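Asker: Structure in structure tokens, see below.
Bear in mind that the values in this text are calculations on the coordinates, not laboratory data. The structure presented is a predicted model; accordingly, all values stated were derived computationally and were not measured. Cβ sites come from the backbone with ideal geometry, for glycine too, and all protein chains shown count toward neighbours.
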Amino acid sequence: MYKEYIQELVQCLEATEIYGLGGRPYTNYAEAMHGMVGVFSGVKAQGGQVFFIGNGGSAAIASHMTADFMKNGGMKTYSLYDTSVTTCMGNDYGYEYIFSRPLEFLGREGDLLVAISSSGNSPNIVNAIQAAQGKGMQVVTFSGFQRDNRIRGIGVCSIYVPSSKYGIVESIHNIILQQIVDMVMERDGECL
């Protein structure tokens, strides 16, 4: 049982689809990683901010990456998970706007939104992507479950994990994001 789960995780990782600008699929994983590291490096070089968002387990990944990309990647990151802000936005505008409303205030052209959603259909994630694009921000999406989810293929990079298991989808999202920040740190040196 234990070995089969790891085998399934590895198979899904190998089957993960990564798209570039315009929904163009990358031909191999190395090319995809080079493209994604390039996106984050470009934002870093221009002094842009990176916003990570997600719900549930994806929120935990988003919070973790907010810290790692700041500390290890030397990037300006901003957390949208302050309790007062989140509850204010949810109360005043509705849960589907908890990320998009703050992005309308804080996001700037040249910033980056990393949207993490296992289903790819969460209204608050979709609304945040639309708000970010309206501000001229770049967007990177991480999704899974159904191929026709709403965020797959949107943005400068899009990662789709072909699985309906939360644990597998979230683990692969976390692995890929961790690899990106580790590659930035290896290239630029430890930041803090």
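Asker: Provide the convex hull volume over Cα atoms per residue for the chain, in Å³.
Answerer: 119 Å³
Asker: Over the range 74-166, what is the relative contact order in percent, taking alpha-carbon pairs closer than 8 angstrom and at least six residues apart?
Answerer: Once divided by the residue count of the range 74-166, the mean separation gives 23 percent.
Asker: Something else about it: Ratio to report: Rg/Rh of the range 121-192, with Cα atoms as the point set and Rh obtained by the Kirkwood method; give two decimals.
Answerer: Ratio of gyration radius to Kirkwood radius for the range 121-192: 1.04.
Asker: Here is a follow-up. GNM, the chain, Cα, under 10 Å: largest mean-square fluctuation among MET33, MET75, MET65?
Answerer: With Cα springs under 10 Å in the chain, the top fluctuation among MET33, MET75, MET65 is at MET33.
Asker: Taking the number of other C-beta atoms within 10 Å as the exposure measure, put SER119, SER164 in order starting with the fewest.
Answerer: Fewest to most other Cβ atoms nearby, the residues stand as SER164, SER119.
Asker: Could you tally up the Lys pairs in the chain with alpha carbons closer than 27 Å? Skip any pair fewer than 8 positions apart unless they're on separate chains.
Answerer: Qualifying lysine pairs in the chain: 6.
Asker: Still on this structure, I have one more. As an exercise, identify the GluC sites (Glu not before Pro) in the range 24-112 lying in DSSP coil whose Cβ has no more than 13 other Cβ atoms within 10 Å.
Answerer: Of the GluC sites (Glu not before Pro), the ones in loops of the range 24-112 whose Cβ has at most 13 other Cβ atoms within 10 Å are GLU109.
Asker: Ok, one more. May I ask for the distance between the Cα centers of the range 6-26 and the range 117-191, given as a whole number of Å?
Answerer: Cα centres, the range 6-26 to the range 117-191: 12 Å.
Asker: Relative to the present Cα-Cα distance, how much length would full extension add between ASP188 and GLU104 at 0.36 nm per residue of separation?
Answerer: Extra length from ASP188 to GLU104 when fully extended: 27.1 nm.
Asker: When only DSSP loop residues count, what trypsin sites (Lys or Arg not before Pro) in the range 100-176 have their Cβ near at most 12 other Cβ atoms within 10 Å?
Answerer: When the trypsin sites (Lys or Arg not before Pro) of the range 100-176 are filtered for loop state and at most 12 Cβ neighbours within 10 Å, ARG108, ARG147 remain.
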